[in-house]
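The values are calculated or read from the model by the stated rules, or taken from the named source; none is laboratory data. Please read all numbers here as calculations on a predicted model, not as lab measurements. Using ideal geometry, Cβ is built from the backbone for each residue, glycine included, and neighbour counts are taken over all protein chains shown.
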Amino acid sequence: MSHSATDNEDQIELGRDENKAIRQRSLRLLGSLLSPHKKALAIAAGLVMLSSLGQVAGPWLVGWTIDNALMPLMEDGDTGPLTFSGLTYLAAAVIGGLAAGAYIRQAARIAQGVMYDLRRRVFRQTQRLSLEFHEKYTSGRVISRQTSDMEALRELLDGGLTGVISSMFLMVFIAGTIVFTDLGSAGILALAFIPSFFLTRWFQKKSQLFYREQRTASARLIVKFVETMTGMRAVQAFRRESTTERDFGNLSNSYREAFLKVFSINGRFQPGLVVIGNLTVVVALAVGAWRVIEGDLGAGTLVAVLLLVKRFFQPIQQIGMFYNSFQSATAALEKVSGLLAEEPTVVEPKNPAPLENPRGDLRLSSVKFRYGSGPVVLPHMDLHIPAGQTVALVGTTGAGKSTLAKLVTRFYDASEGTISLDGVDLREISTDDLRNAVVMVTQEAYLFSGSVRENIALGKPGATDEEIVAAAQAVGAHEFILKMPEGYDTEVNKRGGRVSAGQKQLLSFARAFLADPAVLVLDEATASLDLPGERIVQHGLQTLLADRTAIIIAHRLSTVAIADRVLVMAHGEVTEDGTPEELLAAGGTFADLNQAWEDSLV
Ligand SMILES: Nc1ncnc2c1ncn2[C@@H]1O[C@H](COP(=O)(O)OP(=O)(O)OP(=O)(O)O)[C@@H](O)[C@H]1O
């Protein structure tokens, strides 16, 4: 596996260039998510400005009223200016309030639009990526991208961001108003900005590290959880409960500690800002009061400036708090953008070669294969499987049987050499054509939630009911389906729809039969069935194999017996190749294996 976009996901400290590249990747993603909402964003910006203006107008009007409306009232009994300022105050409050409300609604609409888009992109991407990626990245991590990362982004977009944008606007407006009202006080505010700036930088640097640590810890926790839950059978069978519990406890503890680190620096940052804010108000008050006594400054202006300075620091605190969700959302965005930047390793051809009525002639020429940059699994393989032949693959575990199956079905591409179907390189065949021509039936025989009918129909979208029933009949699944509570309409995976391992296999045979591929690759379930069950499955299998090329990773004597040819594999190479009879007569590995199987039946 070459270097890919998700490789450095678990690293906490990254190099400068790497950091920059990741940041740019995240920003590009953000840009592409926001670009469809340009108009809505412009409207939101207009609304937020209006609401900030409304909020700044309040303190400013108080100052103006003290200096310009109270005097005429006390000296001449003139109520005009006071009425004017009162009405203006009211208008500003109403307009500001309405604008703030409209802004929140508008921002929520944009945020939900972005989340909707992103959720779908992540889902589409995870389906698009090759099996190689999924085997490496694991489902737990995909799940944490789609759940906790999405949640972090949603929190940011829903709550924090809306507030922070309006806070920032408000700060700019307040600063502008102070400059406009009294330059001296603006100078004090500017001085106070210096320590706030350094404090914020310090916080930024520290928290970035801790937040990344926290996200990594949370992802590990989810991965462990998903792994344990999906492997619950193995966990219980091997009495692994206490070990997994201990591991989970350790991971929870790292998560807790990462969180505490974040909070401990938060606990210094926020009070720091409060102190700076309060000191600024005190200094502005002292200097201002002195200037009022000197006659340089109106008392009203001083009141207005003090109210504004106090307001100025409120949003900084909010921005500080917002920094939490901003940091986790940034980390989430970094990971999600990494996932979205992954490219499938198995690439669909640009100009696919036509493949009409495939016959199923398979050829591997000088194929060499390794998983990513791992050790060589198949050193050199030349193999020809003529159309219609049934080949049983046997061999020790780790011999490379499943690997061969994954290559023939093009879940992976060969590292060297070519694999062709009817003389066409698999890499030249469109994915649709290939999936129609080559079907893989895996051991798990995965059933999706839905009815029995829907599960069989997966083999051929748009199949008629008759075709579905005919497929079930052909492989011998019809009888037990009819015995289910609602026949073909029974929901599988639900109560009453539970099927046995053998029945599951029959359903997946019916699915494959309906798909009617030229090449069938089958990983036979290792779980042994009872004898009648085995006979039914065997019969189904025989019907399924007739008239097509088949490669079966065989675990049963009865399966090998129906094969035209047996390939024995060891260490990635074919060591014996012939009809079952020939190999038995030759007395090699296959003969031994056969003997062992026969003994186990006694
Ligand atoms: N996704 C993977 N990434 C890296 N190495 C792998 C991967 N899958 C299999 N391998 C390695 O490739 C080798 C062949 O494995 P493969 O699964 O093909 O064997 P097998 O003959 O099917 O074994 P079994 O009968 O136990 O299923 C093994 O050494 C295995 O460790």
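At a glance:
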| item | result |
| --- | --- |
| Filtered residues of the range 378-433 (kept if within 16 Å of the ligand (Cβ to nearest atom), among the hydrophobic types (A, V, I, L, M, F, W, C) and assigned to a helix (DSSP H, G or I)) | Leu404, Ala405, Leu407, Val408 |
| Residues of the range 581-602 satisfying the condition of being assigned to a helix (DSSP H, G or I) and of a type in the set (Gly, Ala, Ser) | Ala585, Ala586, Ala591, Ala596, Ser600 |
| Residue match in the range 325-334 (condition: aromatic (Phe, Trp, Tyr), over 29 Å from Gln55 (Cα atoms) and part of a helix (DSSP H, G or I)) | no |
| Unique residue being surrounded by fewer than 20 Cβ atoms within 10 Å (Cβ to Cβ) and outside the structural domain of Ile385 (by TED's automatic domain parsing) when the list is Val275, Val309, Val305 | Val275 |
| Qualifying residue in the range 296-303 (condition: within 16 Å of the ligand (Cβ to nearest atom), at pLDDT below 85 and part of a loop (DSSP other than H, G, I, E, B)) | no |
| Pairs with Cβ under 8 Å, 6+ apart, first in the range 582-602 and more than 16 Å from Ile562 (Cβ to Cβ), second assigned to a loop (DSSP other than H, G, I, E, B) | none |
| Matching residues, the range 173-217, being hydroxyl-bearing (Ser, Thr, Tyr) and within 19 Å of Gln314 (Cβ to Cβ) | Thr177, Thr181, Ser185, Ser196, Thr200 |
| Residue pairs meeting the criteria (Cβ under 7 Å; at least 6 apart or on separate chains; first free of Cβ contacts under 8 Å to residues at least 40 places away in the same chain and assigned by TED's automatic domain parsing to the domain that holds Leu221, in the range 243-267; second charged (D, E, K, R) and part of a helix (DSSP H, G or I)) | Asp247/Lys224; Phe248/Lys224; Leu251/Arg220; Leu251/Lys224 |
| Breaking point among (1) modelled with pLDDT of 90 or more; (2) of a type in the set (A, V, I, L, M); (3) out of contact with any His (no Cβ under 7 Å at 6 or more places or on another chain); (4) away from the ligand (no atom under 16 Å from the Cβ), for Val492 | (1) |
| The range 109-139, subset away from the ligand (no atom under 16 Å from the Cβ) and polar (S, T, N, Q), residue farthest from Leu339 (Cα to Cα) | Gln112 |
| Subset tally (residues that are within 16 Å of the ligand (Cβ to nearest atom) and modelled with pLDDT under 90) for the range 343-370 | 3 |
| Selection within the range 223-259 - within 30 Å of Thr200 (Cβ to Cβ) and at pLDDT 90 or above | Ser254, Tyr255, Arg256, Glu257 |
| Subset of the range 247-274 (residues that are hydroxyl-bearing (Ser, Thr, Tyr) and within 26 Å of the chain's Cα centre (by Cα)) | Ser252, Ser254, Tyr255 |
| Selected residue [of a type in the set (Gly, Ala, Ser), closer than 30 Å to Thr228 by Cα and away from the ligand (no atom under 16 Å from the Cβ)] from Ala102, Ala152, Ala93 | Ala152 |
| Selection from the range 325-375 of residues that are within 21 Å of Glu155 (Cα to Cα) and not small (Gly, Ala, Ser) | Phe326, Gln327, Thr330, Leu333, Glu334, Lys335, Val336, Leu339, Leu340 |
| Candidate set: the range 539-564, residues that are under 19 Å from Ser402 (Cβ atoms) and of a type outside the set (A, V, I, L, M, F, W, C); chosen: the one surrounded by the fewest Cβ atoms within 10 Å (Cβ to Cβ) | His555 |
| Single unsatisfied condition, Gly497 versus (1) modelled with pLDDT under 85; (2) among the small types (Gly, Ala, Ser); (3) in a helix (DSSP H, G or I) | (3) |
| Positions within the range 559-571 being over 43 Å from the mean Cα position of the chain (by Cα), farther than 10 Å from Leu583 by Cβ and not aliphatic (A, V, I, L, M), in sequence order | Asp564 |
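Rundown of residues vs (1) surrounded by fewer than 19 Cβ atoms within 10 Å (Cβ to Cβ); (2) farther than 27 Å from Leu364 by Cβ; (3) within 36 Å of the chain's Cα centre (by Cα), yes/no style:
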{"residue": "Ile419", "(1), (2), (3)": "no, no, yes"}
{"residue": "Leu426", "(1), (2), (3)": "no, no, yes"}
{"residue": "Ser430", "(1), (2), (3)": "yes, no, yes"}
{"residue": "Ser449", "(1), (2), (3)": "yes, yes, yes"}
{"residue": "Ala457", "(1), (2), (3)": "no, yes, yes"}
{"residue": "Pro461", "(1), (2), (3)": "yes, yes, yes"}
{"residue": "Gln473", "(1), (2), (3)": "yes, yes, no"}
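One line per residue, one yes/no per condition, for (1) under 19 Å from Phe173 (Cα atoms); (2) outside the structural domain of Gly113 (by TED's automatic domain parsing):
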{"residue": "Asp17", "(1), (2)": "no, yes"}
{"residue": "Leu34", "(1), (2)": "no, no"}
{"residue": "Lys39", "(1), (2)": "no, no"}
{"residue": "Leu70", "(1), (2)": "no, no"}
{"residue": "Asp76", "(1), (2)": "no, no"}
{"residue": "Pro81", "(1), (2)": "no, no"}
{"residue": "Tyr89", "(1), (2)": "yes, no"}
